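The values are calculated or read from the model by the stated rules, or taken from the named source; none is laboratory data. Values in this document were obtained by computation on a predicted structure and should not be read as measured data. Note that we place each Cβ from the backbone using ideal geometry, even for glycine, and neighbour counts take in every protein chain shown.
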C-alpha cells in the first residue's frame, strides 16, 4: 500500500498546489496562503499522513493539493511548497528526488513507531524462565527492528541511525522533544514496548484511550518508584513469600494450591486496591480460582491467620450446619482501613467451587447489586476484581459471556480489572494444545479492553502495570486485563510431579532464583534498604508462628454470613387486565404483576432478568410499554405505584444462561430484602447454566453457609412441541433436594416453616395464579432465604380455567402447599375409589377427563404445589381422608423423568408401606418428549384412560 503511494507521489506530488486552502483544526477554520513561513512542518505532516490513511479525513483543499497535481507548474514553485520541504525544513534548491527521500524516510520512521506500538508485545521479554514466548509463537514480526540489518525492511540503513526525525503526534517517546535521532527512537521504543511489559491496545477504536495508554508507557522516565514505594513493595513481597513457605513447612502433605512462582500477585492486588481507594472506591468484590486463595485471604483481605490455619485441622467442627468446603474454596468479607490512603474499604472475596471461571458472573452480579443499593451509578464507589488462570481464561465459555455483559446497561459494573495468573500451562497441558489464540487473554479484545502482559519476576514492572490498570478503570470505567506471565514452582498442586510432563520447564524452574531474593538484592544494591532492614521486614515468620499456636485453641471455624409487540395488541392486553380487575379475577401475568407490585409498595426491590422478560417469552407479561412513534421512549408502570415504593428492575439479558444466572445469583447475595428472579426463555435452557445450579445454588448454603433467595422461573409443560423446550428437567432439581425420603419429619413448631428452614431449596409447580402470587411473596416474608425453583406454565398462561379470585389473595390467605380436591369427592370421601395425586398443568387435563367420564364422585384429584420439601403432613391428611381408595401418582412427563422417583418413596413413607402408589404417565424414554404431534396426543389419551380405569391395577402385586 505504501509503495503505491510512493509511486504516485513521485509522479504527482511536487508539481502543483492551490494558492489558497482552508485549514481545519477542531471546529475552527481559516483561509490562508500555504507557505513555509505560515505553516508548521508538523501541521503539514499531520495533514499528509491523515490523507494517506483516508483522503476523506482532510479538507477538500488538502485533498486537491495532494491528489490533483498539474504537470505545467514550474518545478521551483512546487519545490518551495511541497510537504517534504516543510517536514524537513531543507533548502529549496534540493532536487525532487532528494525531497521525496525525506518524505519516504519520515514515513518509514512513523511506520516503525506504529509497528512497535502494535506488535512490540510479540518480542517483549515476558517469560521469567526465558524459555517460552507468552504468545505460544516464537515468530518475530518482520517489521520489528531487533538488529541493524533489518532496517532495510523500511528502506533505511545504518547511515540513517544518527539522522534526526520529526516525531508524530501519536507518540510520547520524545517527552518534551519533537525530534530525535533514529538510534534513540529505536532505543526508546524497545524500552517502552519490548522490555518486561507487552501491551495490546492499538485495536481500541478510541483515539483518546490509545493516547492515554501511550502517554502512560512511552513518556521517558515515567515508570519510576520512590524509595518508600519500593520498601512497601518489598514488605508485601516478603509476606506473600513467607506465608507460602510457612504453609509448606507445617502442612507439607496437604494440597494448598500455593502461589509459589507468582508471589507478586499479592503486592499487585494491593496496588490495585490502593490506587482504587485513592480514587474513591469504598468496596471491592473479588473472585478468583483456588491458586493463591489462602494467600489472598491472609495478605489482601486480611483474614485472621489463626482462622486460616484452623482450617487445616482434620478435627475441625463447622460453625453452622452444612457440609463445608475445602479451605481454598471459601470466601471472606472484611472491612478495614487502607493504610496507604487512610480510608475505609470493604473487601469481599467470593466463595466458589473448583469449576473454574464459574464465579465470574456471580462477582459481577454482586458488584452490580452493591452499586445499585449505594446509588453508585458511575462505578466510583464499588468495583470488581476477577482473577483467572491462563488455561481457564481461554477455555471456559463463561469468560466470553461475562465480558459480553460488561457494556450492557442492566449488567455493566462500569469496569472490571482482570488479573490472569498465567502459569503458561494448564494442569499438564501445554498452551499449544490448549488454545488456538496466541494469548490466553485474546477473548478480552472482544470488548476493546487493553491487555497488559508483564513478566511476573519484575515486581516494579508489575506494580506499574497495576497502577495504570487501576487508573484506566477509574478514568474510563472499562474493563482492563493484566496478564501476569509466571510459572508454578511445584506444579498444579503440591502433590503433583510436573517433571513427568514438563521436564524442560521444571529443570529451569529448579534453577530459578526466587523473586523475593532477586528484588531484595536489587534494593540492597541500590541502597534503598540495608540487609538489616530487610531481615527485620522478614520476621513475618514470627507472626505466623503465633497465629499457628492460637489456631490450636480454636474449636470452631467462624464463618461470617453475610421484541416489542405492536401497540394495538398491548392495548388489548391492558384492557383485558382492567376487565379482570373489575371482575376480581387474575390470570398468571396479572397475579405476578400484583405480587411484584405489593412487594414494591412494601419497600422490597424486585429485579427480573432473562431473555425477553420485559415482554415475556409467550407475550404475556408486558412490563415495559414502548411508545410506538418515538424510538427509545418507554414506560415501566410498576415504577409508578407510589412515591415511596422500591424500584422495579426488569431487563432483557444477553443470550446467555451460564453468565446471566451467575450474575443474578451474585446480585441476590448482596441483600436479603430484594426479590431477584431469573427466567429462562424455556425451562430446559438452564442446561447451559447447570454449573451455577449445581455448584452455587443447590449446595451454596451447605458449603459456604450463605443464604440466598434467588428465584428461578422455568417454563415447563408437555405441549406437543417436541423434545426441545418441553421439560425444565424437574427430576434434576428434585434429585439434589436433601430431605430424607424414608423418614417422616417430626417438628415441635410450625411444620411448614421448620421444613423450609431445613431444606437446601424449594421446588414448586403452581397451578393457580393465586398460589404463584403467594409463593413469590412468601419468598420475602420468610425469616430466612432459600433458593426457589418455580416450574412455570405455558398453556396455563391464558387457560380460562387457570384463573384465581381476589378472594384467594387477600388478607388471611397464603401459599397452599397442596390443593385438595374441593369437588363432590371431598364431600363424601368414603365413596372415593381412587385418589390421583399430580402437579402442574396435567391437573386441568385430569379434571376435564374426569368431568367427561362423570367420575367426580368416585375419583379425587389432589394437586401437589410444593414438591420439595415434600409436604408430608398434608399428604398424610389426604391419605387418611381417603383411607379406602387407591393411590395414584399421575404425571405428563416420562416415567424416568419428572417427579415420580422423588415422590414415590415419600408417599410410601406416609403410607408406612402398607399400600402401593401406582404410576400413571408416559413410559420411560431417552428424550423428554416426542416430536410428533399425533404421538403426543396418543400418549396423552393412553395415560388419561389408565388414570380413570378403576380396574387398571386390579390383581397387580405391590
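Things to note:
- Search result, residues across segment 272-294 that are crowded, with 21+ Cβ neighbours inside 10 Å and in a loop (DSSP other than H, G, I, E, B): 281, 288, 289, 291, 292
- Looking across segment 554-588, the residues that are part of a helix (DSSP H, G or I) and either at pLDDT below 60 or touching a helix residue (DSSP H, G or I) at 6+ places or on another chain (Cβ under 7 Å) (or both) come down to 567, 577, 580, 588.
- Residues of segment 886-918 satisfying the condition of being under 44 Å from the mean Cα position of the chain (by Cα), surrounded by 20 or more Cβ atoms within 10 Å (Cβ to Cβ) and not in a helix (DSSP H, G or I): 889, 890, 891, 892, 893, 894, 897, 898, 899
The rows are residues; the columns are (1) part of a loop (DSSP other than H, G, I, E, B); (2) under 13 Å from the mean Cα position of the chain (by Cα); (3) at pLDDT 95 or above; (4) within 22 Å of residue 290 (Cα to Cα).
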{"position": "323", "(1), (2), (3), (4)": "yes, no, no, yes"}
{"position": "328", "(1), (2), (3), (4)": "no, no, no, yes"}
{"position": "346", "(1), (2), (3), (4)": "no, no, no, yes"}
{"position": "351", "(1), (2), (3), (4)": "yes, no, no, yes"}
{"position": "354", "(1), (2), (3), (4)": "yes, no, no, yes"}
{"position": "373", "(1), (2), (3), (4)": "no, no, no, no"}
{"position": "380", "(1), (2), (3), (4)": "yes, no, yes, no"}
{"position": "387", "(1), (2), (3), (4)": "no, yes, yes, yes"}
{"position": "391", "(1), (2), (3), (4)": "no, no, no, yes"}
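- Hey, residue 413 assigned to a helix (DSSP H, G or I) and closer than 30 Å to residue 648 by Cβ or not: no
- Selected residue [buried (at least 17 other Cβ atoms within 10 Å of the Cβ) and under 23 Å from residue 126 (Cβ atoms)] from 247, 237: 237
- Every residue from segment 834-865 that is out of contact with any strand residue (DSSP E or B) (no Cβ under 8 Å at 6 or more places or on another chain) and in a helix (DSSP H, G or I): 844, 848, 849, 851, 852, 853
- Test: residue in segment 249-266 that is at pLDDT below 95 and assigned to a helix (DSSP H, G or I): yes
Listed here are the residues, each with its yes/no results for (1) crowded, with 17+ Cβ neighbours inside 10 Å; (2) touching a strand residue (DSSP E or B) at 6+ places or on another chain (Cβ under 7 Å); (3) within 26 Å of residue 284 (Cα to Cα).
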{"position": "425", "(1), (2), (3)": "yes, no, no"}
{"position": "452", "(1), (2), (3)": "yes, yes, yes"}
{"position": "469", "(1), (2), (3)": "yes, yes, yes"}
{"position": "484", "(1), (2), (3)": "yes, yes, yes"}
{"position": "499", "(1), (2), (3)": "no, no, no"}
{"position": "515", "(1), (2), (3)": "yes, no, no"}
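- Only one of the listed residues (133, 219) is over 32 Å from the mean Cα position of the chain (by Cα) and outside the structural domain of residue 294 (by TED's automatic domain parsing). That residue is 219.
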